[in-house]
Structure formats: C-alpha cells, structure tokens
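These notes concern the structure reproduced below.
All of the numbers you see were taken from the coordinates with simple rules; none came from a lab. Being a predicted model, the structure only gives us computed values, none of them experimental. Every residue, glycine among them, receives a Cβ derived from its backbone with ideal geometry; neighbour counts consider all protein chains shown.
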Amino acid sequence: MTAGRAVTFGVLVVDDDAIVRTWVAATLDGTEFRIVGQAARASEALDLALRRAPDLFLIDHQLPDRTGIALLHELRSRGFDAPAIVMTAAPRRGLNEAARRAGAQGSVLKSTAPGTFVDALRAAAAGESHFVAAHPRADREVRLSPRERAILLQVSHGSTNTEIAATLGVSTETVKTILGRAFAKLGVRRRNKAVVAAQRLGLLDTWRHHP
C-alpha cells in the first residue's frame, strides 16, 4: 500500500484464465486497487508474492498446479498476511469454510457484478470478511486424522494400497482399515469418491513441492 494523494492497494491476481485476468484489470481500473502482478499458476504466484509484496491476494480456487486454498495455506505458512479473496466460477459446497481455514477474508463468484466485486475487495482491504452466501455450507464438519489425510493424499496421486503400505511402513490391511475410517467420515464407499469429497472440503490442500 502506498501513500500520496490517495491510498492505493496493490493486488496480485492468480488465475490461469487470461480472460478473467483481463476482466479483473478492467473492473479495477479507476479504483483504489492496482494490479502489481498476474500469475497463471500457484508456483508463479509464490515467486511474485516475494518480489511484489502485494497488499491483497485475489486467487482462483482451481489452478493448474494446485488449488487456490492450498496456495493460500502456503502463503500463510511463509508469513504473507495480506488479505486474500478466493474466486470460483460456480458455487462450491464447503468453499467458504475451507477458505476461512486457509486464512482468506472473503470469497467471490466470477459472475459477480463489477460493483459488488470491488466492494468485496474493499471489505477485505479494510479487514472485514466478505464471503458470498452462494457457496452451500458443508453438510457437516469432517475431521480426518493425520494418517487418514496422508493416505488419502497418496491415493489422490494414484498410489495403490501396496505402494502406500510400503511408503508408510505398515501392512496393506492397516491401509485398508484407515481408508475405511476415512470413507465413513466422508460418507463414501469408493477411493475416487473419497478423494473428491476430501478435496471439495479442503482437507487435502497441503502444498507439496515438486522438483
């Protein structure tokens, strides 16, 4: 944020859709918000955050290399405390809860009217919360144990029970038992459904560095 005739807020926009980034730029033109960086991937956003020190993060939930929630978790773990808003193209069940857990100050839909969109940024910049009601609440609070979460994360990467057992140093029966507990908590019966449910609730949004 800079001082002068008027207070301005530097915004880092993270979205892999160039059309959305252009729309955001046009919407913020003439306001107190100025774009200090644009990123199409979470990895690019981390680099830009270090170099540009934005006053506000505007992050798409679905990025090519990670979810926006996972990126926000990583930003917070690295000490970036600027307000953040998570964007989505459509309502997503449990999105507001996951965004709050990650440290977001608000959420917006990309179909939001320009005036309402800017109001959301102003609320976040002022330290207020602005979460759109369009995102249905999670059916219930689901808490996975660290081991359940670790195994589901490996399942999401395509690992078999045998591979997971070898990685964790346990038996395949133990892996099946832990998965069964996770399935029950998530209300599903299949591996792929468990991964989808856990991701939707933001339970697998842990940053993992790739070489």
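For the range 9-131, the average shadow cast by the Cα convex hull is 6.4 nm², which is a quarter of the hull's surface.
Once the cut-off is 20 Å, how many percent of the Cα-Cα pairs in the chain end up in the long-distance tail?
On the way: 13049 of 22155 pairs.
The share of Cα pairs beyond 20 Å in the chain comes to 59 percent.
For the range 1-105, applying the loop criterion from DSSP together with a ceiling of 15 other beta carbons within 10 Å to the GluC sites (Glu not before Pro) yields E32. Computed from backbone phi, the HN-Hα couplings of the range 96-107 come to 4, 5, 5, 5, 4, 4, 7, x, 7, 9, x, 9 Hz, rounded to whole numbers (Karplus: 6.51 cos²θ - 1.76 cosθ + 1.60, θ = phi - 60°; Gly and Pro given as x). Across the range 19-27, rounded Karplus estimates of 3J(HN,Hα) from the backbone phi angles (6.51 cos²θ - 1.76 cosθ + 1.60, θ = phi - 60°) give 5, 5, 4, 5, 4, 4, 4, 5, 5 Hz, Gly and Pro being marked x.
Only helical runs count toward this figure. For the chain, summing -39,500 (n - 2.57) over DSSP H runs of n ≥ 4 and dividing by all residues gives -13500 deg cm²/dmol at 222 nm.
With +1 on the Cβ of every Lys and Arg and -1 on the Cβ of every Asp and Glu, and nothing else charged, how large is the dipole of the range 9-131 about its Cα centre, in debye rounded to the nearest 20?
On the way: 14 positive and 15 negative charges, 49 e Å.
Roughly 240 debye, rounded to the nearest 20.
Computed from point charges on the beta carbon alone (+1 for Lys and Arg, -1 for Asp and Glu), the dipole magnitude for the chain about its Cα centre is near 820 Debye.
Restricting to bridges with both residues inside the chain, how much of the DSSP beta-bridge set is antiparallel, in percent to the nearest 5? Spell out each step's value before the answer.
Values: 2 of 22 bridges.
Close to 10 percent.
For the chain, the residue among P64, Q154, A120 whose Cα projects farthest onto the positive side of the dipole built from Cβ charges is Q154.
Counting only lysines at least 8 places from K176 when in the same chain, those with an alpha carbon closer than 18 Å to its own are K185, K193.
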